[in-house]
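What follows is a single structure, written as structure tokens, with notes after it.
Bear in mind that the values in this text are calculations on the coordinates, not laboratory data. The shown structure was predicted, so the numbers you read here are calculated from the model rather than taken from an experiment. So basically every Cβ, Gly included, is an ideal-geometry build from the backbone, and we count neighbours across all protein chains shown.
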Amino acid sequence: MLAAVSAEPLRPAYLLLGSDRPKVRRAVARLRARFPAESIEHLTADAVTGADAVASCNAIGLFGAEGARLVLVEGVERWAVEDVEEVVRYLAAPVETNVLALVAEGALRTTALAEAAENAGHVLRFDAPKPRDLPGWVRAEFERQGSRVDVDTARALVEIVGDDVNELAGEIDKLVTWAGGEAIGRREVEHLAVSAGDTFVWALTDAWGARDLPGVMAACESLLERRAKEPFAVASALASYVGRVRAAQAMAEEGLKTTEVAKRLRIKEYPARKALGHARNFTRDELDTAIVRLAELDAALKGASRLAADLQLERALLELTEARHPMPTPA
């Protein structure tokens, strides 16, 4: 369907919609590429009415009547009924030399707009695949960018990132850029790919789990310097992860396998495997004491201590990573 906006003769109207947002964005980019920059008017449905969009289509333009013009309107699912009616009337007899491209980010309120766009031009719908089909979608996205991955690697990426195609597309872009034409396998995916929700502390939790004190302190310093997150948010995320590792350790002691641990923790298999690996680097007492220490850090960051928040976080990280015996509570 992407070829419909890059190869065939231009039509007076296009409606682009669907849950596969990366493909929608690419289709819009291909359509824009067929027009000089000065012949494109980019609008949003929040800022203009349907009548405004129609007026733009009817306008001759600053550079005269020669050449086609593109009027691109995003977010059309937010238009009121009267806005849709204005556009539907226009699409019954559109200006042949201009193109009206309507982009919907969600479900349309009525079918009238889609029907009118189909009659006047073309409706392009890009729906994200079902979860079971995501590894195939991932492989196709890698191949589109000139890289190839096997089914196991694609499945690993889905396990780590989840089923949001926007997040998957971002991780694929990152991996392809990092690889620079080299092969990408499961090992590279497991090392580099992260879930968007965990991105800001991934380096920190991974270093803590490996008892890599220099790595922990470097990750903490980077977060605080860039102000990616405040100390309280970093501490909260770490506390959540330590709790996951402690729970995984307890389940492993019961004899549960990785798949069962993942199911009980309601996480993907790869994060569960990672937590189990980290659990082997700590004793039960260390993890129990770590949870207590993080609770004390939480209270301190909320005002129980007069020390600077950055310093409190760094002191706790030092204790949590370095100790190999029950850690004393600081005075």
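One table, with the values for the structure above:
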read-out: Residue-span extension gain [Asp150 to Glu105] - 0.36 nm each, minus C-alpha spacing; value: 13.1 nm
read-out: Rounded tilt (10° steps) of 213-226 against the dominant C-alpha axis of the chain; value: 40 degrees
read-out: Exposure proxy order (Cβ contacts within 10 Å, fewest to most) of Lys263, Lys130; value: Lys130, Lys263
read-out: Prolate/oblate/rounded label for the stretch 131-193 (Cα gyration tensor, a/c 1.5); value: rounded
read-out: Directionally averaged shadow of the stretch 197-322, computed from the convex hull of its alpha-carbon atoms, nm²; value: 7.2 nm²
read-out: Charge dipole of the chain about the Cα centre (unit charges at C-beta), most positive-ward option of Leu204, Phe232, Ala112; value: Leu204
read-out: Given charges at Cβ of Lys, Arg, Asp, Glu: the chain dipole, positive-most of Ala248, Phe35, Leu301; value: Ala248
read-out: Members of Lys174/Lys268; Lys268/Lys302; Lys130/Lys274; Lys23/Lys263; Lys23/Lys274 lying beyond 29 Å, as alpha-carbon distances in this model show; value: Lys268/Lys302; Lys23/Lys263; Lys23/Lys274
read-out: Cα-based Rg / Dmax (Å) for the chain; value: 26.4, 80
read-out: Fewest-first ranking of Thr258, Thr321, using other Cβ atoms within 10 Å as the exposure measure; value: Thr258, Thr321
read-out: Crossing angle, helix 269-279 versus the chain [Cα axis fit, 0-90 degrees, rounded to tens]; value: 20 degrees
read-out: Shape of the stretch 11-125, Cα gyration tensor, a/c cut at 1.5; value: oblate
read-out: Degrees between helix 81-91 axis and first principal axis of the chain (Cα, 0 to 90, nearest 10); value: 50 degrees
